[in-house]
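Asks: This structure is in structure tokens; I'll ask about it shortly.
The values are calculated or read from the model by the stated rules, or taken from the named source; none is laboratory data. Model, not experiment: these values are computed from the prediction. Cβ: placed from backbone, ideal geometry, glycine included. Neighbour counts: every protein chain shown.
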DNA sequence: CTTGACCCTGACGTTACGTCAGGGCTGATG
DNA sequence: CATCAGCCCTGACGTAACGTCAGGGTCAAG
């Protein structure tokens, strides 16, 4: 008869075992992440051993840097664990390399501060620039081949600020027009003309080089994994979908 | 006559140069971190070159992981830069080592997942335990000597869960009593009795070992730099102040 | 005069809880 | 039995650094 009367713990006891605060338990409860097995008549949360197991799983995943919503989804369906781990590892590795660079930057800044007395912002800026550059390059390497990178460097030298400005204006204009044409037939003449302009702009970037184009495609396809500071350049999904359809025949972006 | 009419930029232009969004400029403006040199009659923000310099300084410090409020303070008084850099470096190094451990944990988890099919939470927990342990140990090393750590290990083995529970209860009770006696004379009999109990509890932890006591003192003194998950054990400053005074004669905590 | 492309402020959303505030339940004690 | 300590509850606001509307001006061009 004692079988059904497994031990139950009040919030603060459970919290102590679990190494969290009572408030955290409230939080998880509200999120539906960890609901206590029982409630007393007066509404007290009563936790069982099984809750402790769950709590420990949560703790593990939190340690790995997953968000509570990710954890919730994951615990609903554990089959995705493998995939999630892979992705999370990538995320963490990137975070770490950002930290590495920041630490590196501080070291250099300290050195440049060691001799002079006043902070030399100009040189700090320079340090940052280099380190960020390295950052960008590292990241670009994921998509562009070595030759493509070299070619890009050369082309970059040819781009004046005015041209850059012009290009970004052209893109903006194109986006706007596409946006206004979203309900048209992607195979129709309007869409085709837009697609042509799109290709033209792409061509201006690649210089018609197939290596660079390949890298650009790889990079675009992996849009969701772009670093935070480039997220601002995301293209709205509707637009992307439309232009993709419109360019189908010739094999899109 | 052209001297005073330096170029002014509207929000979006400035934002583009600076590599931030307009909203970010709003934000910085409100925080008083970067107020544009001018406003047009109609209230438009107008940024000057000097604002760009400032913005770049902000960007550098942000890259180093400083918070906006830290940045604000720092830019007010640059003399503290050196110190801040040192501290920030520590912070980053610790963050990195946490990341290292998490990455390590994922790798191990993946391995243990590689053979079996279902996630083996039990072994994950084990992995975490080890890695956290390593964490704690790393961190403790800052304060405790090698010998002290060894002795602590031995003493730990003697602590039953019941004793732990008892100890934490005793501390809680003591805190509460001190709290209620905060307005008494730290040299008076009540305070002295409290101080005696305090010493007794400390003694129960150190086992009277001076090595361990030394480490404990070092650790307590550095309270502000404790890792996040132990912050819950912070002692309220009033209590700390009171007991410190009360124990003056015999040399504090 | 009407657009289109800017601008402004204000307010809510995000993440994982911490920190009250206001009010109930429970066991021990006088 | 009243009281008090020590729990418990829900609800609401605060945190960091902006993103994202919403509602409403401004300005130059056509």
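Asks: Any idea which residue in the stretch A:12-32 is farthest from residue B:121 (Cα to Cα), counting only those that are more than 9 Å from DNA strand C (Cβ to nearest atom) and in a loop (DSSP other than H, G, I, E, B)?
Replies: Per the criteria, the residue is A:32.
Asks: Only one of these conditions is not met by residue B:36: (1) within 13 Å of DNA strand D (Cβ to nearest atom); (2) outside any helix (DSSP H, G or I); (3) in contact with a strand residue (DSSP E or B) (Cβ under 8 Å, 6 or more places away or on another chain). Which number is it?
Replies: Going through (1) within 13 Å of DNA strand D (Cβ to nearest atom); (2) outside any helix (DSSP H, G or I); (3) in contact with a strand residue (DSSP E or B) (Cβ under 8 Å, 6 or more places away or on another chain) one by one, residue B:36 breaks only (1).
Asks: Same structure, new question: Can you say whether residue A:216 is surrounded by 13 or more Cβ atoms within 10 Å (Cβ to Cβ) and within 30 Å of residue A:98 (Cβ to Cβ), as far as the supplied structure shows?
Replies: When the stated conditions are applied, residue A:216 passes them.
Asks: Just one of the numbered conditions (1) within 14 Å of another protein chain (Cβ to nearest Cβ); (2) more than 18 Å from residue B:232 (Cβ to Cβ) is not true of residue A:44; which one?
Replies: Going through the list (1) within 14 Å of another protein chain (Cβ to nearest Cβ); (2) more than 18 Å from residue B:232 (Cβ to Cβ), residue A:44 breaks only (1).
Asks: Does the stretch A:55-64 include one or more residues that are within 16 Å of DNA strand D (Cβ to nearest atom) and more than 14 Å from chain B (Cβ to nearest Cβ)?
Replies: Within the stretch A:55-64 (the criterion being within 16 Å of DNA strand D (Cβ to nearest atom) and more than 14 Å from chain B (Cβ to nearest Cβ)), the answer is no, since none of the residues qualifies.
Asks: Going by the conditions given, is residue A:28 at pLDDT 95 or above and touching a helix residue (DSSP H, G or I) at 6+ places or on another chain (Cβ under 6 Å)?
Replies: Taking the combined requirement at face value, the residue does not satisfy it.
Asks: Limited to the stretch B:39-63, what total is found for residues that are part of a helix (DSSP H, G or I) and within 13 Å of DNA strand C (Cβ to nearest atom)?
Replies: Adding up the residues that qualify gives 1.
Asks: Let me ask something else. Pick from A:80, A:112: which is more than 16 Å from DNA strand D (Cβ to nearest atom), within 22 Å of residue A:28 (Cβ to Cβ) and assigned to a helix (DSSP H, G or I)?
Replies: Answer to the check: A:80.
Asks: Would you confirm, using the coordinates I've provided, whether residue A:6 is touching a strand residue (DSSP E or B) at 6+ places or on another chain (Cβ under 8 Å), more than 14 Å from DNA strand C (Cβ to nearest atom), more than 11 Å from chain B (Cβ to nearest Cβ) and in contact (Cβ under 8 Å) with a residue 40 or more places away in the chain?
Replies: no
Asks: Sort through B:108, B:95 and tell me the only one that's farther than 19 Å from residue A:54 by Cβ, buried (at least 16 other Cβ atoms within 10 Å of the Cβ), within 7 Å of chain A (Cβ to nearest Cβ) and at pLDDT 85 or above.
Replies: Going through B:108, B:95 in turn, just one is farther than 19 Å from residue A:54 by Cβ, buried (at least 16 other Cβ atoms within 10 Å of the Cβ), within 7 Å of chain A (Cβ to nearest Cβ) and at pLDDT 85 or above: B:95.
Asks: Only one of these conditions is not met by residue A:148: (1) at pLDDT 80 or above; (2) under 29 Å from residue B:104 (Cβ atoms). Which number is it?
Replies: With respect to (1) at pLDDT 80 or above; (2) under 29 Å from residue B:104 (Cβ atoms), residue A:148 is out only on (2).
Asks: Determine which member of the set B:75, B:85, B:81 is more than 16 Å from DNA strand C (Cβ to nearest atom), more than 9 Å from chain A (Cβ to nearest Cβ) and within 18 Å of residue A:110 (Cα to Cα).
Replies: B:75
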